[in-house]
Amino acid sequence: MLAPGGILLDLRPASVHRRIGIARSARTRPVGVMRERFEDERSADRAVARVVREGWLEVERRLRFPCRRLVDSVDEFRTFLDDFTGRHGEPLHDWLVRRLERALEARRAGRVRTRIAIDGPLDLAVLRKLDARAPRARVSRSSRRRPRAPAA
Amino acid sequence: MAYVVDLERREVKALRRVAPWRGKRVIEIGCGDGRLTLRIARLGARVLAIDPDAASIRTARRSLPERLAGRVRYRVMKAQRIAIARESFDLALFSWSL
């Protein structure tokens, strides 16, 4: 699928607990921090580590940068949360929703638009496909377990 | 739903920093509603964007501007069943999907 020398880019949220706040004009008031388990992220990290270990790809570069998501209402925030709580028994965040509702209630007065900000960095890994004819370090589990005996 | 992701376009700025996109053949895996697909296509790439969710692909197709139609194709497809053996790509992008 990937041409020789092709690049695989793995872009995804970093395993960092997301910060939730109320954004109003240029300011953001913190409300709470989510508590995710990052099971999917760890599993993806293992998959990447494996293809690198087996010599299919090599990591050229890694970047981390901030990313903000904005939603207009608590209902929309709940929809966003469902994505997490539905996976691997992630903890419910009812306490965070209640806190948000209170914070929004207190800040809805006035004409300035108020939104819910979800802040969490993204990780970008750049992996280059190695030439299939010259694998760098394609090591199978069995060969790692049984190293070749030294020449007599 | 007014759900805005990455208003500052930091994702696409990072993607531009790490790879050349103009004229490249790109497969985007997990394109969702095509938010990032359009940004990549605007960098000059030719993109095959896949997602297993048919509703997301319908949304993506609806929001595809005519001027990018020649550079973007959407397909309902799971990453595990990429049925494009005859095609090869310069870049593969896992969009929040690995």
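Quick notes on this structure:
- At least 3 residues being out of contact with any Gly (no Cβ under 6 Å at 6 or more places or on another chain) and either more than 18 Å from residue A:126 (Cβ to Cβ) or more than 12 Å from every other protein chain (Cβ to nearest Cβ) (or both) is the threshold, and among the strands (runs of 3 or more DSSP E) wholly inside the range A:10-91 those reaching it are A:19-24, A:27-33, A:68-71.
- First in the range B:1-29 and more than 8 Å from every other protein chain (Cβ to nearest Cβ) and surrounded by 15 or more Cβ atoms within 10 Å (Cβ to Cβ), second anywhere and hydroxyl-bearing (Ser, Thr, Tyr) and part of a helix (DSSP H, G or I), Cβ under 7 Å, 6 or more apart: B:28/B:37
Listed here are the residues, each with its yes/no results for (1) crowded, with 17+ Cβ neighbours inside 10 Å; (2) of a type in the set (Lys, Arg); (3) at pLDDT 95 or above.
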| site | (1), (2), (3) |
| --- | --- |
| A:1 | no, no, no |
| A:5 | no, no, no |
| A:29 | no, yes, no |
| A:35 | no, yes, no |
| A:39 | no, no, no |
| A:60 | no, no, yes |
| A:64 | no, yes, yes |
| A:69 | yes, yes, no |
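- Checked against the criterion of being closer than 24 Å to residue B:26 by Cβ, crowded, with 17+ Cβ neighbours inside 10 Å and without any contact (Cβ under 8 Å) to a residue 40 or more places away in the chain, the candidates A:10, A:45 yield just one match: A:45.
- Test for residue B:48: is it within 12 Å of another protein chain (Cβ to nearest Cβ) and surrounded by 18 or more Cβ atoms within 10 Å (Cβ to Cβ): yes
- Residue ID - modelled with the highest pLDDT, chosen from residues in the range B:76-98 that are buried (at least 16 other Cβ atoms within 10 Å of the Cβ) and more than 7 Å from chain A (Cβ to nearest Cβ): B:77
- Candidate set from the range B:30-45 (those that are part of a loop (DSSP other than H, G, I, E, B) and either touching a Lys or Arg at 6+ places or on another chain (Cβ under 6 Å) or free of Cβ contacts under 8 Å to residues at least 40 places away in the same chain (or both)); member that is surrounded by the most Cβ atoms within 10 Å (Cβ to Cβ): B:45
The values are calculated or read from the model by the stated rules, or taken from the named source; none is laboratory data. In this text, all values refer to a predicted model and were calculated from it rather than measured experimentally. When we count neighbours, we look across all protein chains shown, and the Cβ atoms used for this are built from the backbone with ideal geometry, even at glycine.
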